[in-house]
Number of protein chains: 2
Amino acid sequence: MSDTSKTVTAAILVIGNEILSGRTKDANIQYLAAELGKLGVRVMECRVIPDIEATVVATVNELRAKFDYVFTTGGIGPTHDDITADCIAKAFGVGISEHPEAVARMTRHYGDPALFTPARRRMARVPHGGILVDNPVSVAPGFQMENVFTFAGIPAVAQGMFQAMKHRLVGGEPVLARTVRTNLPEGIIAEPLGALQTRYEDVEIGSYPAFRNGRPSVSLVLRGTDAARLATAAAELIVTIKEMNGEAEEFAT
Amino acid sequence: MSDTSKTVTAAILVIGNEILSGRTKDANIQYLAAELGKLGVRVMECRVIPDIEATVVATVNELRAKFDYVFTTGGIGPTHDDITADCIAKAFGVGISEHPEAVARMTRHYGDPALFTPARRRMARVPHGGILVDNPVSVAPGFQMENVFTFAGIPAVAQGMFQAMKHRLVGGEPVLARTVRTNLPEGIIAEPLGALQTRYEDVEIGSYPAFRNGRPSVSLVLRGTDAARLATAAAELIVTIKEMNGEAEEFAT
């Protein structure tokens, strides 16, 4: 579904000491941001915070008031450091207990009751009012509380949960992108690029330098919701680069 | 330098639409978090925000009041979308202009004055009162305003800048870590692990499941400032795992 009359915004909240210590590199922000973009949902902020109850509760409440959607990853496993579900319940001022459908799914999954340990039963706890988010990878579900979606942190599970619930999102106008890659350095292309930006106020023009095969290369990314405007801006940019004796290659992105 | 009497905190602020759109995967958070940890500086929060002036100014002011250090990456290049330096000046309520030493370095670097374009001269602008941060990769410097350090976004440059300025930081007690890896699933190890956490309140115990060579594996990470306590806790954990017929392997981290 899409609502083309407005910009739909989101925040991604990564909960976990392991990201803040540098032990683990976050892998969920990029995936979720790209997938949300396809649905016309613009990620306006990402935060990484520690497994500290007061911080999680306050941040969830700040973000859910500020953005149309909030996606949290991390902290819904079976161990003592998995406090996200309890924090979400606190943020919404509701209780938390075992969700019958979650218990049923996990009972089937583990088969032998001895394997459905008390620790694993903790993963069936959902804040009151929460709607389950299916987990196609390891069964224990995530959940939705109003505009807040809570996923596991393991990338394969977070991705599976997102795919399982994305039909619930109402996006805005999809943001389209065109990328023009050039060998001209930023310091040379900057002036005409700024002039182009001034002429195309409705197109967001970004400049991203990198090294490719040992040679400096700049990706100029044009983003916007009007395909025709993007095409015209990209064509103008390519002409400008060629007039400056630069190479220009266009990529659909 | 280190001040072992207190916890020294930091925030990392990643500025850039390209991370929020999912186009680019952030590579600076993990590097900075790990390097800061070695210096006894604990990263307590990371944020990714767009290139929007009001957002950058407000976020810088919020974070610099809340944490001992703030590190920003991104938005100090030569193009129109590079607004970070101006935003930092606004956040501190000061003006911004060309820094003579930055101009001198860049003049030497570019040699031919025609190559030191107006766009590149923008990179010599520093908020008033700012102290340069050397850029060993591409010359155009970062800068320090009080407890806020502003780096480029390109990972090689951000890393070079961090190494060039890290002697200015006063860290707290370094956080040490021990990792015990086991083949026991989280749902089985969770209970004794929680009991261990209760007995070792001064040790932060995290549990991180993953797949290794197609087999589920859990890394149990013990973090704290007291090496002896960490060693005892890790030894106890290994005994517990072996009593449960699990495999336990210890890694220095």
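Quick note: the coordinates plus some simple rules give every number you see, no bench work behind them. Computed from a prediction, not measured in an experiment: that's the story for all the values here. In this analysis, Cβ positions are derived from the backbone assuming ideal geometry, glycine residues included, and neighbour counts consider all displayed protein chains.
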If you put +1 on each Lys and Arg Cβ and -1 on each Asp and Glu Cβ, how big is the dipole of region B:196-253 around its Cα centre, in Debye rounded to 20? 200 debye
How far is helix B:186-199 tilted, in degrees, relative to the longest principal axis of the Cα atoms in chain B, given as a value from 0 to 90 rounded to the nearest 10? 80 degrees
For a quick check of your reading of the filter: which GluC sites (Glu not before Pro) in region A:170-243 sit in a DSSP loop and have no more than 15 other Cβ atoms within 10 Å? A:201
Average beta-carbon neighbours from other chains, 10 Å sphere, peptide B:236-249: 0
Cα-based Rg and Dmax for chain A, in Å, come out at 22.1, 73
Which distances, shortest first and in nm, link residue B:53 to the matching position in the other copies, using label points set 7 Å out along Cα to C-beta? 4.4
For chain A, find the longest principal axis of its Cα atoms and tell me its angle to the long axis of helix A:227-243, 0 to 90°, nearest 10. 50 degrees
Quick one: compute the contact order of chain B, relative version, from alpha carbon pairs under 8 angstrom and 6+ residues apart, as a percent. 19 percent
Give the average, rounded to an integer, of partner chain Cβ atoms located within 10 angstrom of each Cβ in B:10-23. 6
Residue order, fewest to most beta carbons within 10 Å, for A:21, B:217: B:217, A:21
Helix B:155-165 vs. chain B, principal-axis angle (Cα, 0 to 90°, nearest 10): 90 degrees
Per-residue Cβ contact counts at 10 Å, fewest first, order A:211, A:92, B:143, A:151 as A:211, A:92, B:143, A:151
Determine the alpha carbon to alpha carbon distance for each of A:6/B:90; A:66/A:166; A:38/B:25; B:66/B:166 and list only those over 23 Å. A:6/B:90
Along Cα→Cβ at 7 Å, what distances in nm separate the residue A:34 label point from those on the other copies, shortest first? 2.2
DSSP loop trypsin sites (Lys or Arg not before Pro) in region A:1-106 with at most 13 other Cβ atoms within 10 Å of their Cβ, which ones? A:6
If the reach is capped at under 20 angstrom between alpha carbons, list the aspartates and glutamates near residue B:242, excluding any in the same chain fewer than eight residues apart. B:186, B:191, B:250
Averaged over peptide B:216-225, how many Cβ atoms belonging to another chain are found within 10 Å of each residue's Cβ? 2
Considering the rotation that carries chain B onto chain A, locate the chain B residue whose Cβ comes closest to its axis and report the distance in whole Å. B:47, 3
The protein assembly as shown: radius of gyration and largest Cα-Cα distance (Dmax), Å: 24.4, 77
How far is residue A:100 from itself in the other copies, in nm, if each label sits 7 Å out from Cα along the Cα-Cβ line, shortest first? 7.9
Between region B:1-70 and region B:185-253, the Cα center-to-center distance that results, in Å: 29 Å
Please name whichever of A:153, A:189, A:118 sits farthest to the positive end of the charge dipole of region A:91-196, dipole taken about the Cα centre and charges placed at Cβ: Lys and Arg +1, Asp and Glu -1. A:118
Of B:227, B:33, B:91, which has the largest mean-square fluctuation in a 10 Å C-alpha GNM of chain B? B:227
